[in-house]
Structures are given as structure tokens and as C-alpha cells.
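Colleague: First the structure, which I've put down as C-alpha cells, then a few questions once you've had a look.
The values are calculated or read from the model by the stated rules, or taken from the named source; none is laboratory data. Note that this is a predicted model, so its numbers are computed, not measured. So basically every Cβ, Gly included, is an ideal-geometry build from the backbone, and we count neighbours across all protein chains shown. Please note that ligands, DNA and RNA were not included when accessible areas were found on the heavy atoms of the full protein model with its side chains. Shrake-Rupley method; radii C 1.70, N 1.55, O 1.52, S 1.80 Å.
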Amino acid sequence: MPTPHNTAQPGDIAPLVLMPGDPRRAARIADEFLEDAVQVSEVRGIGAYTGSYRGTPMSVMASGMGIPSISIYATELFRFYGVRRICRVGTCGGISDRVAVRDVIIANAAHTNSNVARLFVPDVTLSLAPSFDMLRAAVDAARTMDRPVHVGPVFSSDFFYLDRADVVAGLEKVGTLGVEMEAAALYACAAIDGAEALAVLTVSDHLKNGGGDMSAEERETNFQASLRVAAAALLA
Ligand code: HPA
């Protein structure tokens with residue numbers, strides 16, 4: 001059923017969806033990573049494309065930025081388009097000294113300062129976690145790569161320019177690897193719709209250590225690596 005945010009028809013979107021934040025990245029994934037991809041929706045600059053990966057139908061659709069944005073797209077895909085698995089492929093800022101710019105983080109939990117974990121069950125804060133099958137497949141795929149891969153909790157912030165060193169220090173103390181803005185909502189949406197999700201994140205900057213910008217070529221190589229990990233998770 002088309003929705004206010006998605007004009008695809010039922011069946012136009014595959015049960016497995018890659019979800020970058022950036023709509024232009026989604027278009028590139030459709031062109032360069034999927035086979036025979038066609039555009040099936042375009043609303044508010046958020047394109048959805050469906051093709052295949054290694055013979056299995058797969059779609060790609062951007063989430064936009066932040067918890068409300070990804071919640072809309074993910075919920076509609078799960079609820080109205082029969083999507084079973086979404087893998088976010090995005091970037092995060094490093095928090096832990098154990099991670100460096102260019103590393104990949106597979107989020108096995110998502111902390112958040114948003115209310116998204118408290119909306120669904122009265123008086124309960126849900127634990128926001130990924131699909132175990134997707135997590136296991138992603139970790140297996142990542143361990144065959146020649147780059148550092150970390151598995152641990154991330155922080156999904158509701159406010160990009162938070163500027164609170166005490167928050168970052170507290171999160172680091174409890175083992176948080178990085179900060180981004182969507183994983184917690186994606187995990188909550190999967191939980192409430194009985195679906196599966198995972199976030200695979202490339203560290204694009206570091207809150208404490210800097211670490212230098214990635215060259216365009218490095219960004220591309222890193223992104224290709226995280227895409228292969230994400231696709232392996234979807235195929236699990
Ligand atoms: N904060 C929030 N989201 C991000 C960051 C950050 O520093 N880097 C990449 N995504």
C-alpha cells in the first residue's frame with residue numbers, strides 16, 4: 001500500500017533492505033552494488049530501489065537523519081511492504097579509545113537519550129538490540145575482512161550538536177563505542193513489528209582523538225566493505 005512517504009506498490013520492495021542515511025548513497029548502492037536495480041519510489045528526495053544481490057532480491061532505501069525519520073521509513077517497510085530485514089549502513093563518531101576513524105562497528109545494542117525505547121510498553125524501557133542471526137552473519141563476514149571490526153554498543157543521539165562532554169564520558173565508561181542517530185529507532189521499530197534489523201557503521205570521525213579525514217578512495221573502500229558485511233547480514 002503506498003503511504004504518504006513511499007509510493008511503491010506492494011511487491012515493489014524486496015523483503016531485505018539496505019538502509020544508508022544519505023539518499024545519494026542509496027542511489028549509488030542501487031547503481032553499483034545491486035544488480036538490475038530499478039527505482040520504485042521517490043518522495044521528499046528519498047528514493048527506493050529494488051534489484052538483486054547474488055541472485056536474491058534486495059532493495060535499498062535511505063533513512064534520512066535521526067530517530068523520527070528512520071522510524072517512519074522502517075515502520076512503513078515492515079508494516080506495509082512485507083519487509084523482514086533492514087540493515088542500516090551508515091557512519092558514526094568514535095567515542096571509545098578502542099575505535100579509530102575507518103574502523104567498522106557492528107552495533108550489538110543501542111543506547112539512546114530519545115524516548116523511543118519507552119513509547120511502547122507502559123513503564124518499561126525496552127532493550128534495543130539487533131537480530132541475533134543478522135549480527136552473527138555480519139560478524140562472520142566482517143572477520144574475513146582486512147580491517148578492524150568492533151562489536152559493541154553505540155549511542156543513538158537525539159541531538160547532533162549536544163556538546164556535553166559529561167554525556168560522552170559517561171557513555172565511554174559503560175563501554176559505548178560510537179555515536180550516531182538512528183540505530184536505536186531501527187531496533188525499536190523491528191521489535192514492535194516482529195521484524196529484524198542491524199546497524200553496520202563506519203567510524204567517520206572521532207569525538208576525542210580526531211584521526212584524520214578519510215580520502216575519497218578510502219571512504220569508498222571502507223563503504224564497500226561495510227556494504228558486503230550488511231548484505232551478508234541480510235542474507236543470513
Ligand atoms: N554524532 C552523531 N552522529 C554522527 C556523528 C557524530 O559525531 N558522526 C557520524 N554520525
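Colleague: Could you check the spin-label model distance between GLU32 and ARG136? Points 7 Å from the Cα along Cα→Cβ, value in nm.
Modeller: 3.3 nm
Colleague: Related question: Pop a pseudo-label 7 angstrom from the Cα along the beta-carbon direction at both ARG147 and ALA100 and give the gap in nm to one decimal.
Modeller: That separation, rounded to one decimal, is 1.3 nm.
Colleague: Given Cα pairs under 8 Å that are at least 6 residues apart, what percent is the relative contact order of the chain?
Modeller: On the way: 532 pairs, mean separation 59.7, N = 236.
Computed over the chain, the figure is 25 percent.
Colleague: Moving to a separate point now. Need the full-extension length gain, PHE80 to ASP193, defined as separation in residues times 0.36 nm minus the C-alpha distance. One decimal, nm.
Modeller: Length difference between fully extended and current span is 39.6 nm.
Colleague: Can you put LEU171, LEU207 in order of accessible area, largest first, using a 1.4 Å probe? Don't jump to the answer; show the numbers that get you there.
Modeller: Details: LEU171 20, LEU207 85 Å².
Sorted by accessible area, descending: LEU207, LEU171.
Colleague: Using Cα pairs under 8 angstrom and six or more residues apart, how large is the relative contact order of the stretch 31-75, in percent? Spell out each step's value before the answer.
Modeller: Values: 58 pairs, mean separation 11.6, N = 45.
Once normalised by length, the contact order is 26 percent.
Colleague: Continuing with the same structure: Go ahead and estimate [θ] at 222 nm for the chain from helices alone: -39,500 (n - 2.57) per DSSP H run with n ≥ 4, summed, over the residue count, rounded to 500.
Modeller: Numbers: 6 runs with 74 residues, N = 236.
Per the formula, -10000 deg cm²/dmol.
Colleague: What is the calculated FRET efficiency for GLN9 to VAL174, with r their C-beta to C-beta distance and R₀ = 35 Å, to the nearest 0.05? Provide the component values of the computation, followed by the final result.
Modeller: Values: r = 45 Å, r/R0 = 1.28.
It comes to 0.20.
Colleague: Moving on. Using the alpha-carbon centroid of each, what span in Å lies between the stretch 118-157 and the stretch 17-42?
Modeller: One Cα centre to the other: 23 Å.
Colleague: Shifting gears a bit: Quick one: what do you get for the chain if you divide its Cα Rg by 2.2 N^0.38 Å?
Modeller: Numbers: Rg = 16.6 Å, N = 236, 2.2 N^0.38 = 17.5 Å.
Here the answer is 0.95, to two decimals.
Colleague: Taking only complete DSSP H runs, can you tell me which helices of the chain stretch 24 Å or more along their own long axis by Cα positions and average at least -1.0 on the Kyte-Doolittle scale?
Modeller: Values: long enough: 216-235 (28 Å, 0.06).
Answer set is 216-235.
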